[in-house]
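The values are calculated or read from the model by the stated rules, or taken from the named source; none is laboratory data. All values reported here derive from a predicted model rather than from experimental measurement. No Cβ is skipped: glycine too gets one built from the backbone with ideal geometry, and neighbour counts run over all protein chains shown. Note: areas computed on protein heavy atoms with side chains; ligands, DNA, RNA excluded. Shrake-Rupley method; radii C 1.70, N 1.55, O 1.52, S 1.80 Å.
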Amino acid sequence: MAKDMERSGPSHVAVIMDGNGRWATMRGKPRLFGHHAGARRVREIVERCPDLGVKYLTIFAFSTENWKRTQTEVAGLMSLFRRYIEREARALLENGVRVRFIGDRIRLDEKLVRMMDELELLTSGNDKVHLTVALNYGGRDEVTRAAKRLAYEIEQGRLSHKDVDAECLAGFLDTHVLPDPDLVIRTSGEARISNFLLWQSAYAEYEFVDTLWPDFTADEFAGVVGAYGKRERRFGAVRV
Ligand code: FPP
């Protein structure tokens, strides 16, 4: 990978939006207050993507582990997702954003799933920014579901085990239509990947920033994205 010091910015950025709860607690407010503030940042950052050359933005909104939170917080988050879809649908459509959801829909309530399907369909003609929202998503869960579907295809005789390679398996992942992320950002000072895009991030660059998600402005996002272009990425190869 010679000369990639001057490479361009990341085309696909994935974000672990962490720190909403702490942000709210520091202000003496309930955790949901932080999630609402966090949702406002999503809008601002999506709107900045075209200027930065970020074509794909994937955000971690709710993990397969997040069900362990209190009933109040889980219900509040689900209601926030419904409100977000209701309120943002028009702006997303008009701003050329194509929305997709990844994750297992089986545990989500019917009304929310219907709204997710409708938003995907409504924005399916857009191509300016591809926003993917991970909802009830876990990397291991995704790979497990993919393996299960793959095994079923073999069982049905539509595939042979000889056809199974990395590309074949990736075709069964929720993200099969998306490129792999170039850059994964996590806010709030935690340096963990928490089961996010495990397969897809094999060669991604990680950036851990201390800012809590509700304080993570579009300008700070632009700074992190800009810094990516200045670093070297070798995909296991030796620099020549
Ligand atoms: C992590 O912070 C954040 C979440 C589990 C929820 C993320 C959701 C949003 C930002 C809402 C907006 C999303 C959409 C799609 C509208 P945390 O609660 O783990 O914070 P903590 O680590 O400080 O407790």
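Normalising the average separation of contacting C-alpha pairs (under 8 angstrom, six or more residues apart) by the number of residues puts the relative contact order of the stretch 82-240 at 18 percent.
Of interest is the spacing of the C-alpha centroids, which for the stretch 173-197 and the stretch 102-143 amounts to 16 Å. For the stretch 154-171 and the stretch 32-51, write down the distance between their C-alpha centroids in whole Å. The stretch 154-171 and the stretch 32-51 have Cα centres spaced 39 Å from each other.
Taking GluC sites (Glu not before Pro) in DSSP loop states with no more than 14 other Cβ atoms inside 10 Å as exposed sites, the chain has its longest site-free stretch at 66-189. Note on the stretch 88-201: along the principal axes its Cα atoms extend 46, 36, 28 Å, ordered by decreasing extent.
Rounded to the nearest percent, how much of the accessible area of the stretch 12-64 (1.4 Å probe, protein heavy atoms only) is carbon and sulfur? If you can, show how the numbers build up before the last one.
Numbers: 1130 of 2210 Å².
Within the stretch 12-64, the accessible surface is 51 percent carbon and sulfur.
So how do Val143, Val15 rank on accessible area, 1.4 Å probe, biggest first, that is with the largest at the start? Before the final figure, lay out each step's value.
Details: Val143 45, Val15 0 Å².
Most to least solvent-accessible, the answer reads Val143, Val15.
Placing Phe60, Phe33, Phe172 in order of accessible area, with the largest value first and a 1.4 Å probe, yields Phe33, Phe172, Phe60.
Restricting the calculation to Cα atoms, the stretch 1-103 shows an Rg/Rh of 1.04 when the hydrodynamic-style radius is the Kirkwood one. Under Stokes-Einstein, with the Kirkwood radius over Cα pairs as Rh, the value for the chain at 20 °C and 1.002 mPa s is 113 µm²/s. Computed with a 1.4 Å probe over protein heavy atoms only, the accessible area of Tyr203 comes to about 130 Å².
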